[in-house]
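Read the structure below first, then the notes.
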Amino acid sequence: MPTTALTQVRPGHGRYAPSPSGDLHLGNARTALLAWAYARLDGLAFLLRIEDLDRVQPGAAERQCEDLRLLALDWDEPPVRQSQRTAHYEAALGRLREGGMVYECYCSRRDIQDSPRAPHLPPGAYPGTCRDLDEHQRAAGRERLAASGRKPALRLRGEGASTIHDRFHGELTLPVDDVVLRRGDGVIAYNLAVVVDDGLQHVTQVVRADDLLSSAPRQAALARLLGYAVPEYVHVPLVLSEDGRRYAKRDGDLTVRALLAAGCPPEEIVGALAASIGVPGARTADEVLGRLDPAARLEVWWPHTGDSPLTSRV
Ligand SMILES: [Zn+2]
């Protein structure tokens with residue numbers, strides 16, 4: 001049947017986008033497994049993108065790729081690195097600038113904390129201090145920064161609210177604040193890089209941890225401004241450390257590498273990840289693929305509690 005053939009292959013890509021700030025921990029590995037499985041179940045190609053604009057630990061990207069391969073996750077194109085794509089980000093920034101959507105910001109973190117802000121903006125949101133300055137005030141701002149050797153950041157002139165749809169969280173509408181597009185140190189901001197990459201790489205499904213849910217509406221707004229299709233969002237629950245923190249590489253939370261080094265076979269790691277996403281008994285990525293229900297709600301996972309065999313390994 002021609003209609004079946006058409007629905008079997010959907011255009012677009014899923015992706016996993018690690019930052020190489022350390023070794024892959026169990027939280028990263030679980031999100032990677034889900035991103036890979038959801039993409040494969042939807043007939044999407046799967047991409048790996050190294051988000052290395054910031055906080056890079058030498059060799060970490062290579063080690064993360066190796067760990068993912070040991071868990072039998074695969075990807076369809078060579079991984080791209082954000083550090084090699086700045087021309088794309090600058091081009092997008094140029095388009096926003098031409099559209100009058102960008103302004104310079106001279107505020108320090110402290111300035112932003114201390115400013116009064118409109119009641120509809122969440123704590124920590126930028127209050128718009130530099131949004132409507134005149135030429136004279138801007139020159140003064142540049143001078144003030146230059147005195148301490150800094151440059152202005154560039155912000156998006158945000159407007160209104162943006163709505164996204166998430167597979168597990170449903171509809172989410174948030175005000176679009178004036179996000180940083182390029183930081184004062186010249187580094188392209190995460191929000192711009194991720195939107196440009198997803199747009200240019202034709203990513204149609206974004207699977208990532210819950211802590212990024214609140215940034216999805218503003219990223220979707222930025223995607224629309226740049227003329228990209230907004231992807232399907234699938235935010236999945238976090239993996240938590242022994243004391244209830246979000247799992248983090250820098251805190252030495254359980255890494256795939258440490259488990260392998262301690263003699264834990266890959267099937268045992270995949271088995272624990274699989275059990276945590278509702279597929280108990282699966283021992284390989286392919287077995288997960290065969291049995292994972294992509295609509296099933298997931299729970300937060302504490303690898304350190306219950307009868308997880310992993311934590312006794314190291
Ligand atoms: Zn400012």
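The values are calculated or read from the model by the stated rules, or taken from the named source; none is laboratory data. No experiment lies behind these values; they were computed from the predicted model shown. For neighbour counting, all protein chains shown are included, and Cβ atoms are generated from backbone atoms with ideal geometry for every residue, glycine included. Protein only, heavy atoms only, side chains kept; ligands, DNA and RNA dropped before computing areas. Shrake-Rupley method; radii C 1.70, N 1.55, O 1.52, S 1.80 Å.
Residue check: I164 meets all listed conditions (1) surrounded by 13 or more Cβ atoms within 10 Å (Cβ to Cβ); (2) within 12 Å of the ligand (Cβ to nearest atom) but one, namely (2). The condition of being buried (at least 19 other Cβ atoms within 10 Å of the Cβ), of a type in the set (G, A, S) and in a loop (DSSP other than H, G, I, E, B) holds for only one of A223, A282, that being A282.
Checked across segment 47-60, the condition of being touching a Cys at 6+ places or on another chain (Cβ under 9 Å), free of Cβ contacts under 8 Å to residues at least 60 places away in the same chain and not in a loop (DSSP other than H, G, I, E, B) holds for at least one residue. Of all the numbered requirements in (1) modelled with pLDDT of 95 or more; (2) surrounded by 12 or more Cβ atoms within 10 Å (Cβ to Cβ); (3) away from the ligand (no atom under 12 Å from the Cβ); (4) farther than 30 Å from P237 by Cβ, R150 misses one, and that requirement is (1). Restricting attention to segment 61-75, the residues that are in contact (Cβ under 8 Å) with a residue 60 or more places away in the chain and buried (at least 20 other Cβ atoms within 10 Å of the Cβ) add up to 3.
Consider R95 carefully, then state whether it is more than 12 Å from the ligand (Cβ to nearest atom), in contact (Cβ under 8 Å) with a residue 12 or more places away in the chain and assigned to a helix (DSSP H, G or I). Taking the combined requirement at face value, the residue satisfies it. Could you tell me whether H136 is away from the ligand (no atom under 13 Å from the Cβ) and closer than 30 Å to R297 by Cβ? No. The residues of segment 105-115 that are open to solvent by 40 Å² or more (accessible area, probe 1.4 Å) and either more than 8 Å from the ligand (Cβ to nearest atom) or touching a Phe, Trp or Tyr at 6+ places or on another chain (Cβ under 7 Å) (or both), listed by number, are R109, R110, Q113, D114. Please enumerate the residues belonging to segment 229-260 that are open to solvent by 40 Å² or more (accessible area, probe 1.4 Å) and within 29 Å of G99 (Cβ to Cβ). Matches in segment 229-260: A229, V230, E232.
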